[in-house]
Amino acid sequence: MKIGMLHSRIRAEEKLLLQAFNKRGIEVDLMDDRKVIFEISSEHCFAERYSEYDVVVERCINHSRALYSLRILNDRGIKTVNSAEVAAVCGNKLETTSALTAHGVPTPRTLVAFTPESALEAIDELGYPVVLKPAVGSWGRLLSKINDRDCAEAILEHKEILGSYHHSIFYIQEYTNKPMRDIRAFVIGGEVVAAIYRHSDHWITNTARGGESSNCPISDEMREICRKGAIAVGGGTVALDLVEDPDKGLLVLEVNYTMEFRNSIEPTGVDIPDRMVDFVLNVGENGWKEANNGVAV
């Protein structure tokens, strides 16, 4: 089987995936997204260059590069992990929340507004504190915990002056009084394979921001919520971020489609990259729907 890996740079996760493929005797062609050129105006030229791959594994850091690359590949019949549809939903928090709630997956109450004035009204509706997030972003960056109206007015003004498209969409979520931790659960091909707690003294618990990880037992409730959450976004290899609300129970915050897992292997004892390779090979041999327990995209 011929595998390609589209990447931005080779991080710890990519090295672990390459090692897992190597254990199976499978060489992986590396495709640097800083150098790759896609021919999209001629089907013949494109097919000659990329149709040799049974599967292309997407490991880009930049969401736009990942999304457009997957769209080009999928439109020309080339299998990828994950798919363009999964990337489109998971790469945008607004789309993720909409998909989750449409499938009955519990999430924090979330409001969306398009002007600073309506955003301020939405914040007042939710009540303080609230969390303001960019619709597109990762690693816990540009999150704002807004504790009062003065803070809300200042942050909304800053976002308006920044002026970019992403700052003109106001994604406003109720603040969950979580127990100084959240949960990241890994779902591969419809199976919840592992979960970790991410502990921090700060309200942002991402391990990229200094959070520490430990094993999280997978309860029946968590397993069911995570399975439904993965189905809602189209399946594949995804990581769901959950919080424990003292009144509402487990709530899903977001779903990550180019998931990081380096800090989750040791505490869980689960060889996550090996499980990912199993899924990639299954997609290559049997197709997305079969590998994904019947979830089609």
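The values are calculated or read from the model by the stated rules, or taken from the named source; none is laboratory data. Given the structure is predicted, the values throughout are model-derived calculations rather than measurements. Using ideal geometry, Cβ is built from the backbone for each residue, glycine included, and neighbour counts are taken over all protein chains shown.
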Any residue in segment 180-190 that is at pLDDT 95 or above, buried (at least 17 other Cβ atoms within 10 Å of the Cβ), farther than 30 Å from Ala291 by Cα and in contact with a strand residue (DSSP E or B) (Cβ under 7 Å, 6 or more places away or on another chain)? no
Residue list for segment 242-258, filter: touching a Pro at 6+ places or on another chain (Cβ under 8 Å) and closer than 14 Å to Ala230 by Cβ: Val252
Scan of segment 49-76 for residues that are in contact (Cβ under 8 Å) with a residue 40 or more places away in the chain and of a type in the set (Gly, Ala, Ser), ordered by number: Ala66, Ser69
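Might you let me know whether segment 58-73 holds any residue that is part of a helix (DSSP H, G or I) and of a type in the set (Asp, Glu)?
Applying the first criterion (part of a helix (DSSP H, G or I)) to segment 58-73 yields 63-73.
Filter once more, so that each one left must be of a type in the set (Asp, Glu): none.
Looking through segment 58-73, none of the residues is part of a helix (DSSP H, G or I) and of a type in the set (Asp, Glu).
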Please go through segment 100-139 and give me each residue that is within 20 Å of the chain's Cα centre (by Cα), part of a helix (DSSP H, G or I) and surrounded by fewer than 20 Cβ atoms within 10 Å (Cβ to Cβ), ordered by number. Thr101, Ala102
If we scan segment 231-252, do we find a residue that is touching a His at 6+ places or on another chain (Cβ under 8 Å) and within 24 Å of Val89 (Cβ to Cβ)? yes
Would you be able to tell me the number of residues in segment 167-181 that are closer than 18 Å to Pro129 by Cα, of a type outside the set (A, V, I, L, M) and outside any loop (DSSP other than H, G, I, E, B)? 5
Looking at (1) within 29 Å of Ala12 (Cβ to Cβ); (2) among the hydroxyl-bearing types (Ser, Thr, Tyr); (3) not in a helix (DSSP H, G or I), can you tell me which one Thr96 breaks? (3)
List pairs: first residue in segment 1-30 and within 23 Å of Tyr68 (Cα to Cα), second residue exposed (fewer than 12 other Cβ atoms within 10 Å of the Cβ) and not β-branched (Val, Ile, Thr) anywhere in the structure, Cβ distance under 6 angstrom, at least six positions apart or on different chains. Lys2/Glu52
In the list Glu157, Glu153, which residue meets the criterion of being surrounded by fewer than 16 Cβ atoms within 10 Å (Cβ to Cβ), at negative phi and modelled with pLDDT of 90 or more? Glu153
I'd like to verify a number: residues in segment 211-243 that are assigned to a strand (DSSP E or B) and surrounded by 17 or more Cβ atoms within 10 Å (Cβ to Cβ), how many? 8
